[in-house]
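Novice: One structure is given below, represented as structure tokens, and several questions about it will come after.
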Amino acid sequence: MTDAPTKRFLRPGKLALLILLGVLVYFCALVVLIPAGWVWQQASSRVVLPPQIQIHQVSGKVWAGAAVASVQGIPVQLDWRLGLPSLSGLTLPVGFDARTAQSSLQGNLEVAWPASARLNARGSVHVPEFETLIRQSGGAMLEGDIAIDRLQLELTDRKIRQASGYGRWPGGMVTWPMGAQTGSARFPPMEATLDSAANGVALTVMEQGGGGPAAVANILANGMLELRVFKRMVDLAGQPWSGAASPDDVIFSVRQPLLPGGRL
């Protein structure tokens, strides 16, 4: 009889697996334990943010942390928590909660390698909180809150590839600039849908259950806003209109920056 050859415990395949597991454990430990503020301090000089966004404070860990920022001068509190990454899909899920004093947005962001992301969120916007920005852009002021029931975005190479969303407003007083004066009217409940469009996204506003758009805003990737207002908007406001026009006729259009220096 001959003795069976003795197998080595650390064969090349097992050794490679142990090294890989060790690297993964080390990486996970860093993510769980390393302070998020220290990471931001090291990376902030290489991260290019739009001029409207400023990060003031970062706390917690990389795995679950918080940041205090300002967007166009409005304070924002952001909390996040990383999920388990997918090695097969090369994706990392991130749950987040962004809040201002009276508005909020909660959801999930799935980041995929090398440069894509998918957002799924919902929340509410207290419109009077953003009155200064709305007045600066010449927009109309709504009273109360807008409920964002669905907001879905897909981005690739920092460009929006797909967009979908739905929001609603219960109705109320609306005011808008009229030269040196201000116009006002009471509107019925309204709704808005967000869809993909050429070189950006399109936001369509209409009466809840209505038969057509009251306004359409195309938000382009270069930060420009193309707004069209239909005669139907005047009818909803109960305002007089001189001349013959059908509800589907465009009575006002404008193209201007959505925000100073803004880009999508």
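Novice: Could you work out how far helix 12-33 tilts from the main Cα principal axis of the chain, as a 0 to 90 degree angle to the nearest 10?
Specialist: Tilt of helix 12-33: around 40 degrees.
Novice: With r defined as the distance between the Cβ atoms of TRP241 and GLN54 and R0 fixed at 41 Å, what FRET efficiency is calculated, to the nearest 0.05?
Specialist: 0.40
Novice: Another question about this same structure. Along the charge dipole of the chain, Cβ charges K/R +1 and D/E -1, which of PHE187, VAL62, ASN218 sits furthest on the positive end?
Specialist: VAL62
Novice: Determine the calculated [θ] at 222 nm for the chain from helices alone, applying -39500 (n - 2.57) to every DSSP H run no shorter than 4 residues and normalising by the residue count; nearest 500 deg cm²/dmol.
Specialist: Theoretical 222 nm ellipticity from helices: -5000 deg cm²/dmol.
Novice: Explain nothing, just the number: dipole magnitude of the chain about its Cα centre with +1 on each Lys and Arg Cβ and -1 on each Asp and Glu Cβ, in debye rounded to the nearest 20.
Specialist: With only Lys, Arg, Asp and Glu charged at Cβ, the dipole is about 1100 debye.
Novice: Expressed in whole Å with the largest first, what are the equivalent ellipsoid semi-axes of segment 134-264 derived from the C-alpha gyration tensor as the square root of 5 times each eigenvalue?
Specialist: 25, 17, 15
Novice: On full extension of the chain, what length is gained from LYS159 through SER124, given 0.36 nm per residue of separation minus the C-alpha to C-alpha distance?
Specialist: 10.2 nm
Novice: Over the chain, what is the relative contact order in percent, taking alpha-carbon pairs closer than 8 angstrom and at least six residues apart?
Specialist: That works out to 9 percent.
Novice: Sticking with this structure for a sec: Taking 25 °C and 0.890 mPa s as the conditions, I'd like the Stokes-Einstein D for the chain in µm²/s, using the Kirkwood hydrodynamic radius from alpha carbon pairs.
Specialist: 112 µm²/s
Novice: So what is the relative contact order of segment 29-81, in percent, for Cα pairs below 8 Å that sit 6 or more residues apart? Please list the in-between numbers first.
Specialist: Numbers: 82 pairs, mean separation 17.3, N = 53.
Rounded, it is 33 percent for segment 29-81.
Novice: List every residue whose amide H lies under 5 Å from the amide H of GLU143, counting only residues 5 or more places away in sequence or on a different chain, with H placed 1.01 Å from N in the peptide plane.
Specialist: Answer set, sorted by chain and number: MET173.
Novice: Then there's this: Determine, from the Cβ-Cβ distance of ASP79 and GLN152 and an R0 of 22 Å, the FRET efficiency 1/(1 + (r/R0)^6), rounded to the nearest 0.05.
Specialist: 0.60
Novice: Express the carbon and sulfur contribution to the solvent-accessible surface of segment 198-264 as a percent, rounded to the nearest whole number, probe 1.4 angstrom.
Specialist: Carbon with sulfur: 58 percent of the solvent-accessible area.
Novice: Can you tell me the relative contact order of segment 194-264? Whole percent, Cα pairs under 8 Å, sequence separation 6 or more.
Specialist: Computed over segment 194-264, the figure is 28 percent.
The values are calculated or read from the model by the stated rules, or taken from the named source; none is laboratory data. Computed from a prediction, not measured in an experiment: that's the story for all the values here. Virtual Cβ from ideal backbone geometry, glycine too; neighbours counted across all protein chains shown. Ligands, DNA and RNA are excluded from the accessible area calculation, which covers all protein heavy atoms including side chains. Shrake-Rupley method; radii C 1.70, N 1.55, O 1.52, S 1.80 Å.
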